[in-house]
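See below for the structure under consideration.
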Amino acid sequence: MLRTHTCGQLTAADMEKQVTLCGWVANRRDHGKLIFIDIRDRYGITQVVFIPKESGEAYKLAQDLRNEFVIKLSGMVNRRPQGTINTKLATGEIEVLAKEMEILNPSNTPPFEIQDETEITEELRLKYRYLDLRRNKVFKNLRLRSDLYKVIRSYLGKEDFIECETPILTKSTPEGARDYLVPSRLNPGRFFALPQSPQLFKQILMVAGAEKYYQIAKCFRDEDLRADRQPEFTQLDIEMSFIDEEDIFGLTEGLMKTVLQELKGIDIPVPFPRISYQEAMEKYKSDKPDLRKNENEFAFCWVVDFPLFKFNTEENRWESEHHPFTSIAPGDLEILETNPEKVKSRSYDLVLNGMELGSGSIRIHRQELQEKIFKIIGIEKEEARKRFGFLLEAFQFGAPPHGGVAFGLDRLLAILSGEPSIREVITFPKNSNAFCPLTEAPSDVSDKQLKELGLTIKKGGR
């Protein structure tokens, strides 16, 4: 290691130690015969003092330091003089008297100050995201995401789940939002799609006997953006065999209780309230009711008893309220074909503070029921085989009863951190136009690349 300590580590217990620190110059103050700098890394800030007779060549080098220079320095830990102790910093009792220093890399003048309270436009922040992430206010959200993943993996590991990855390049099965399509060079005229969710593969895993699966999965949807949407987002995907709704509810409530305890130090009551879809619409005028009594609460609830179908007036047909693999409420099978508008589903949404955090259902696992659902929503056998053939075939080989749930981790992180937009908790987000100012993606590609894929671009773009 180039350093002996981090910039947030030294305290009064380290007095008179010889130490080496590495980091960025957060600021520099020239007091004539004394030069002070704050050196910063991801762990914190340490004050360093350069004195001509003590620091020698390091003092001369310090005269040329500017903000965001990357440096390595060595020196002795001293107590700060009386009246200069900074109680707001973990290192506020001490300073390092520099003996040696090396400039590892200079820096141009940044386009904005690397400080938490700096006023910056979002476009500028995203263009220089690597500088924006140096701000503690922004970086703490990355740490929170990392800590959340640790809690999730620990909790589900103890519950005997296995973490499985599913394909990113997969088959287009349009449901809801538009797919992102990827042309195949080796199969001209054919396309992969980026997954809107791992839905079909997690059900395949249940047929395979995995029984308890989870994945922190990347998902992709080509849809109009807003504060709680991104073209690529992260969800916690869970599926289990031989279970019912109560198993999903119990697992989820235990997970959320653990997350709030470990990340926020808050003990939330379980079980969560359960509200029917009809009650939510009548009482709260929304299927995402906010049960808080402002704002610092974390108020969870389940919304249940959703209708299985909704009527598409434009296309004059029934379509699935959630997705066509959602099972129906016990007792409603007899009215499935005669009164589809009255059929309730075995689906459920988890709502937190008026935001849909997750959604799931008990799945259809029998071929004959799946075919009836497809028929009602206008998917004929041939079309069903084309779109979902590999899943339907798998169902013919002993599919167990199963169900699951998926949670939007970006939304959860935004709520936990108090951020107004999920862009604030994503490391490299797109802007509101689904454009990345940092990499300038999406971008043009060469004629050679298009030719290899057998594609041409019409003049005028779209």
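For the stretch 270-280, 3J(HN,Hα) computed residue by residue from phi via the Karplus equation (6.51, -1.76, 1.60; θ = phi - 60°) reads 10, x, 6, x, 10, 10, 6, 4, 5, 5, 4 Hz, glycine and proline entered as x.
Taking amide H atoms as placed 1.01 Å from N in the peptide plane, the amide H of residue 99 lies under 5 Å from those of 74, 75, 76, each 5 or more residues away in sequence or on another chain. Applying the Karplus relation 6.51 cos²θ - 1.76 cosθ + 1.60 with θ = phi - 60° to the stretch 413-422 yields 3J(HN,Hα) values of 5, 4, 5, 4, 8, x, 8, x, 9, 5 Hz, where x marks Gly and Pro.
3J(HN,Hα) couplings calculated from phi for the stretch 7-19 with the Karplus curve 6.51 cos²θ - 1.76 cosθ + 1.60 (θ = phi - 60°) are, in sequence order, 7, x, 9, 6, 9, 4, 5, 9, 3, 6, 7, 8, 10 Hz; Gly and Pro show x.
For residue 211, the amide hydrogen comes within under 5 Å of the amide hydrogens of 241, counting only partners 5 or more places away or on other chains and with H modelled in the peptide plane.
In the stretch 132-435, if the dipole is taken from +1 on Lys/Arg beta carbons and -1 on Asp/Glu beta carbons about the Cα centre, which of 183, 335, 415 is farthest to the positive end? My answer, from the dipole projection, is 183. In percent, rounded to a whole number, the relative contact order of the stretch 1-136 is 25, using alpha-carbon pairs under 8 Å and six or more apart. Computed about the Cα centre, the dipole magnitude for the chain is approximately 1460 debye when only Lys and Arg (+1) and Asp and Glu (-1) carry charge, each at its Cβ.
Comparing the stretch 1-135 with the 2.2 N^0.38 Å rule of thumb, its C-alpha radius of gyration ratio is 1.05 (two decimals). Shape of the stretch 187-264 from its Cα gyration tensor (a ≥ b ≥ c, root eigenvalues): rounded if a/c is under 1.5, otherwise prolate when a/b > b/c, or oblate? It is oblate, given that a/c is not under 1.5 and a/b is not larger than b/c. Here r is the Cβ-Cβ distance between residue 393 and residue 369 and R0 is 22 Å; the resulting FRET efficiency, rounded to 0.05, is 0.85. When the chain is described by a simple charge dipole with +1 on each Lys and Arg Cβ and -1 on each Asp and Glu Cβ, the residue from 5, 313, 31 located farthest towards its positive end is 31.
Amide H to amide H, with H built 1.01 Å from N, residue 182 comes under 5 Å of 192, 193, 194, counting only residues 5 or more places away or on other chains.
Under the combined filter of DSSP loop state and at most 12 neighbouring Cβ atoms within 10 Å, the stretch 45-126 retains these GluC sites (Glu not before Pro): 117, 119. By the Kirkwood approach, averaging reciprocal distances over each pair of separate Cα atoms, the chain gets a hydrodynamic radius of 26.1 Å.
The distance linking the stretch 84-143 with the stretch 423-462 is 31 Å (Cα centroid to Cα centroid, whole angstrom). Given axes a ≥ b ≥ c from the Cα gyration tensor, I'd like to know whether the stretch 375-462 is rounded (a/c under 1.5), prolate (a/b larger than b/c) or oblate. Verdict is oblate for the stretch 375-462.
Each of 436, 47, 243 was scored by the projection of its Cα onto the charge dipole of the chain, and the greatest displacement toward the positive side belongs to 47; charges sit on the C-beta of Lys, Arg, Asp and Glu.
All of the numbers you see were taken from the coordinates with simple rules; none came from a lab. From a predicted model like this one, the values you see are computed outputs, not experimental measurements. Reconstructed Cβ throughout: ideal geometry from the backbone, glycine too, with neighbour counts over all protein chains shown.
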